[in-house]
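Worksheet for the structure shown next.
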Amino acid sequence: MIDVLQLSPYAPDEINVELQDRFALFKYWQIREDEDLLSQILPRIRVVATKGDIGLDGDLMAALPNLELITVYGVGFDKIDLDQAKSRGIKVTTTPDALTDAVADHAVALALASTRRVAEGDSFIRQGKWLEGKLGIGQSLRGKTLGILGYGRVGQRVAKIMRDAFDMRVLYCDRSQNDKRDGGYRSTPLELAAESDVLVLAASGNPTTKNIIDINVLEALGRTGLLINIARGSLINTQHLISALEARKLGAAALDVFPDEPNVPNELISSPYTTLTPHLASATIETRLEMGRQVIENISSWHQKREVFSQLNFLKTSTSFKFT
């Protein structure tokens with residue numbers, strides 16, 4: 001059996017059970033304080049099974065001299081020391097295809113929840129406010145312009161759903177133009193926001209995209225604009241977002257991710273202009289089972305054939321968003 005260090009339990013639990021049955025599994029969250037045990041186990045580890053929001057930091061990676069593979073339950077890799085992984089020839093895999101539909105669906109759900117005041121309406125009834133008067137009206141998505149920052153699997157899936165279901169005009173901004181015949185490409189987030197009614201963030205989190213959504217972009221999106229983030233909390237300058245909402249320079253924000261999870265600023269929690277969910281865009285039983293299956297199959301394939309799928313392309317991840 002190949003020695004695997006799992007950094008955090010997965011859900012549903014049947015994934016953890018299968019990992020335990022198929023590999024020599026060590027649960028880091030149970031042994032991390034036992035230095036004597038770690039000194040025996042860490043040199044044996046050839047695979048780390050982690051999550052996108054946990055990653056693998058440089059110190060722990062350095063303590064694993066025989067590490068060959070990092071397999072991520074998710075698509076995020078911004079919390080992995082990629083420089084060290086690349087220099088040591090360590091493979092990194094993710095589970096991108098498994099969660100594309102679920103994350104895209106959640107972006108649509110957030111768009112509807114915010115524009116049609118679904119979450120607000122639920123709270124309105126529960127607090128007895130309907131007895132005092134009506135909530136008020138929302139807005140329609142139909143015929144509006146959708147901007148997407150990050151036009152990969154999720155971004156393109158969101159575009160298709162919104163175009164087909166709501167007749168939205170779709171614009172996008174990415175490292176490069178998806179199709180030179182496509183008139184929807186915009187070269188900067190600022191340009192994209194200025195033409196959008198709804199702006200969906202679907203870009204990777206990395207140093208070049210940190211705080212890429214700043215006050216200028218938020219003001220360009222405008223007083224009736226909706227910002228949706230189902231990517232990484234680091235993409236948004238949170239203080240700029242709070243200021244824009246409070247000054248009514250941005251219409252609303254619907255957020256599933258935050259920079260310091262699970263800590264969410266009180267200003268966002270108390271704002272009447274936010275719809276918030278606790279990083280659950282991929283949290284369907286079907287999606288999580290498929291993510292777990294891909295993690296397990298990657299480990300098995302590496303152990304048996306020295307092959308993996310959904311391998312991270314280090315050259316591509318080093319290509320930053322560069323805007324002029």
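The values are calculated or read from the model by the stated rules, or taken from the named source; none is laboratory data. Just so it is clear, the model here is predicted, and its values are computed rather than measured. Note that each Cβ is placed from the backbone with ideal geometry, even for glycine, and that neighbours are counted across all protein chains shown.
The residue list ASN206, ASN211, ASN229, ASN216 contains one member that is over 22 Å from ASP105 (Cβ atoms), of a type outside the set (Ser, Thr, Tyr) and touching an Asp or Glu at 6+ places or on another chain (Cβ under 7 Å), which is ASN206.
In the range 85-117, which residue that is surrounded by fewer than 18 Cβ atoms within 10 Å (Cβ to Cβ) and over 23 Å from the mean Cα position of the chain (by Cα) is farthest from GLN311 (Cα to Cα)? Here the answer is ARG116. Of the residues ASP214, ASP256, the single one that is within 28 Å of GLY55 (Cα to Cα) and either crowded, with 21+ Cβ neighbours inside 10 Å or not assigned by TED's automatic domain parsing to the domain that holds TYR151 (or both) is ASP256. On inspection, GLY74 qualifies as buried (at least 19 other Cβ atoms within 10 Å of the Cβ) and at positive phi. Taken over the range 190-216, the criterion of being touching a strand residue (DSSP E or B) at 6+ places or on another chain (Cβ under 7 Å), over 20 Å from ARG157 (Cβ atoms) and outside any loop (DSSP other than H, G, I, E, B) is satisfied by ALA193, ILE213. Among the residues making up the range 146-176, those that are more than 22 Å from the chain's Cα centre (by Cα) and part of a loop (DSSP other than H, G, I, E, B) are ASP167, MET168.
Residue by residue, here is whether (1) under 21 Å from GLU307 (Cα atoms); (2) more than 23 Å from the chain's Cα centre (by Cα) holds:
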| residue | (1), (2) |
| --- | --- |
| PRO12 | no, no |
| ASN16 | no, no |
| SER39 | no, yes |
| ILE45 | yes, yes |
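The condition of being exposed (fewer than 15 other Cβ atoms within 10 Å of the Cβ) and out of contact with any His (no Cβ under 9 Å at 6 or more places or on another chain) holds for only one of ASP182, ASP197, that being ASP182. Inside the range 190-203, residues that are more than 18 Å from ASP105 (Cα to Cα) and among the aliphatic types (A, V, I, L, M) make up a count of 4. For LEU19, indicate whether it is of a type outside the set (Asp, Glu), outside the structural domain of THR208 (by TED's automatic domain parsing) and in contact with a Lys or Arg (Cβ under 7 Å, 6 or more places away or on another chain). So LEU19 fails the test.
The conditions of being outside the structural domain of GLY76 (by TED's automatic domain parsing), buried (at least 16 other Cβ atoms within 10 Å of the Cβ) and not in a loop (DSSP other than H, G, I, E, B) are not met by GLN139.
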